[in-house]
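The values are calculated or read from the model by the stated rules, or taken from the named source; none is laboratory data. Keep in mind that what you see is a predicted model, and the values were worked out from it rather than measured. Don't worry about glycine lacking a Cβ; one is built from the backbone with ideal geometry, like all the others, and counts go over all protein chains shown. Each accessible area value is taken on the protein alone, full model and side chains, heavy atoms only, with ligands, DNA and RNA left out. Shrake-Rupley method; radii C 1.70, N 1.55, O 1.52, S 1.80 Å.
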Amino acid sequence: MQKLIYLVAGARPNFMKIAPIVRALDKESQRFKYQIVHTGQHYGREMSEVFFEELGIPQPDHHLDCGGGSHAEQTAKIMMAFEKVCNARRPDCVLVVGDVNSTLACSIVAKKLRIPVAHVEAGLRSGDRGMPEEINRLVTDSISDWFFCTEPAGVANLLAEGKPASAIFYVGHVMVDNLLYQRDRLDHANTTSFQSIAIKNDYSRYGVVTLHRPSNVDNGEVLSAIFTALNAIAADLPLVFPVHPRTRTNLEQFSIAVSKNIRLTGPLSFMDFLNLWKDAILVLTDSGGLQEETTALGIACLTLRDSTERPITIDEGTNILVGTNPRMIIEEARHVLAGKGKSGHRPQMWDGQSAERIVAQLETLLTRSACA
């Protein structure tokens with residue numbers, strides 16, 4: 001009998017993470033059915049809809065339309081809407097990914113309805129409870145039934161928190177599955193409409209910037225300090241910055257000076273952005289996912305945060321944690337530009353097969369759960 005799995009996605013990184021799982025489940029259609037639940041946490045064509053086209057994800061079976069509002073408002077809206085979906089047709093498992101509000105909200109609903117919860121990208125910890133994502137990670141893992149980890153630190157964190165070893169699985173990273181798959185597709189894709197093509201024609205060497213964390217972009221003093229560094233780096237290396245809507249608003253509100261050598265664009269689709277950063281000399285970011293993706297492709301990355309929940313990108317990869325101090329950022333960037341940047345390697349199991357390992361393990365777990 002087919003097992004029904006609800007795949008929950010709501011924000012841009014979620015779509016990238018469920019895409020490989022969708023492909024893996026499609027190969028096991030005799031054993032599994034799945035439905036995609038799009039919470040609407042990110043909405044609009046650039047922030048959401050285009051991902052379904054580019055990543056080959058089927059259109060959502062359920063669209064909860066829960067975008068906007070404060071963290072509490074958004075979480076509450078998602079919980080109420082998702083409860084109706086689960087009550088209308090009870091799945092055998094709810095699979096959540098990452099650390100966004102959708103992850104937290106849907107895991108709580110499922111657990112209260114006694115539906116097994118599987119968390120993909122489980123066990124990551126920054127140690128900074130001022131980050132909303134850290135709270136989402138902690139709460140989700142406190143109630144999940146099965147934990148699929150991207151790196152050994154995730155396994156160690158869960159064991160230290162008292163989770164049973166029998167429920168923890170180191171499977172690699174579905175984000176890397178998707179990255180490798182989409183990178184190969186770029187070789188045959190029609191890229192004529194990509195903004196990145198014109199940008200790359202203009203620059204023989206360039207860096208890429210992303211900023212969206214509230215701790216960085218909602219504080220005028222911090223944002224100004226970051227741009228002191230970016231403006232200095234841009235004197236030696238042109239920077240391309242696809243600006244998150246929240247960040248663009250704050251750049252204007254705080255009257256941040258932006259160098260003419262920093263090229264601001266709107267948000268780019270996944271494939272357009274991948275086509276841009278995969279050939280960058282340097283990436284400066286506060287994104288969790290981009291820390292991992294740059295490590296997977298061997299691109300130098302400076303993370304503009306004081307902590308990271310992805311230590312493997314530092315221990316084995318190309319990532320350096322530089323915080324928001326301009327001196328540190330500029331110093332490490334100049335090391336990269338001088339050819340003295342950090343080298344690294346792709347971690348074990350970041351091989352493009354993580355989704356297949358997850359689906360194989362789910363079959364065993366759901367069979368065991370049904371017999372219990």
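A few remarks follow.
- Residue match in the range 181-191 (condition: at pLDDT below 95 and β-branched (Val, Ile, Thr)): yes
- Selection within the range 54-107 - in contact with a helix residue (DSSP H, G or I) (Cβ under 8 Å, 6 or more places away or on another chain), open to solvent by 50 Å² or more (accessible area, probe 1.4 Å) and modelled with pLDDT of 95 or more: Met79, Glu83, Asp92
- Breaking point among (1) in contact with a Gly (Cβ under 8 Å, 6 or more places away or on another chain); (2) open to solvent by less than 20 Å² (accessible area, probe 1.4 Å); (3) within 23 Å of Met328 (Cα to Cα), for Asn250: (3)
- Evaluation of Asp26 against (1) at pLDDT 95 or above; (2) farther than 19 Å from Asn178 by Cα; (3) open to solvent by 30 Å² or more (accessible area, probe 1.4 Å) (one fails), failing number: (2)
- Output for the range 266-304, where each listed residue is of a type in the set (S, T, N, Q), in contact (Cβ under 8 Å) with a residue 24 or more places away in the chain and either touching a Gly at 6+ places or on another chain (Cβ under 7 Å) or open to solvent by less than 10 Å² (accessible area, probe 1.4 Å) (or both): Thr285, Gln291, Thr294, Thr295
- If you go through the range 126-172 and keep only what is within 21 Å of Ile18 (Cα to Cα), of a type in the set (D, E, K, R) and open to solvent by 30 Å² or more (accessible area, probe 1.4 Å), you end up with Glu133, Asp145.
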